[in-house]
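Below is one structure, written out as structure tokens; the observations come after it.
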Amino acid sequence: MIRENEIATAIVDVAYKIHRILGPGLLESAYEAIILYELRKRGFAVSAQVAIPICYESVELETGFRADLVVEDLVIIELKSIEKIAPVHKKQLTTYLRLADKRLGLLINFGEELIKDGITRVVNGLPDEKTNAGFRAKACHM
């Protein structure tokens, strides 16, 4: 089984737990702190506000983006606490995955009334479990 999928299952479980207990409406930073705590409590290595540099014409620019959370250096979590996710939010996570050379990300919007409506899975070349085919896009080729 693919490790990213195991991690994603735990992340979704934690998101459901947090949303069930606290509901929607808190600041994004509150959800970030709590999901960080819950995932670490379950034994996952989690980093917060991870810098993702931009590689442009073989130059690495440190003024890149910050991923909200990165779990086991494999899965990026982008958190929101807004009424509705816009298409740009999914594009943002797709770009983070490509630039960070990661294969799986979860966009979680705690602002939704039902958390199941607020979780979007975004992939960057995650292999198909049946064929084991896939690719990983690299952002900077130096």
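Summary of values
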| item | result |
| --- | --- |
| Which numbered condition E72 fails, given (1) under 12 Å from the mean Cα position of the chain (by Cα); (2) at pLDDT below 95; (3) surrounded by 15 or more Cβ atoms within 10 Å (Cβ to Cβ) | (2) |
| Residue satisfying condition, being buried (at least 20 other Cβ atoms within 10 Å of the Cβ) and modelled with pLDDT of 90 or more, within set A67, A45 | A67 |
| Any chance I54 is buried (at least 17 other Cβ atoms within 10 Å of the Cβ) and either under 13 Å from the mean Cα position of the chain (by Cα) or touching a residue at least 60 places away in the same chain (Cβ under 8 Å) (or both) | no |
| The range 86-105 - residue that is surrounded by 19 or more Cβ atoms within 10 Å (Cβ to Cβ) and aliphatic (A, V, I, L, M) and, of those, farthest from the chain's Cα centre (by Cα) | L99 |
| Only listed residue being part of a helix (DSSP H, G or I), among the aliphatic types (A, V, I, L, M), within 16 Å of L93 (Cβ to Cβ) and under 15 Å from the mean Cα position of the chain (by Cα), chosen from A15, A33 | A15 |
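The values are calculated or read from the model by the stated rules, or taken from the named source; none is laboratory data. The shown structure was predicted, so the numbers you read here are calculated from the model rather than taken from an experiment. All Cβ positions, even for glycine, are placed from backbone atoms using ideal geometry, and neighbour counts span all protein chains on display.
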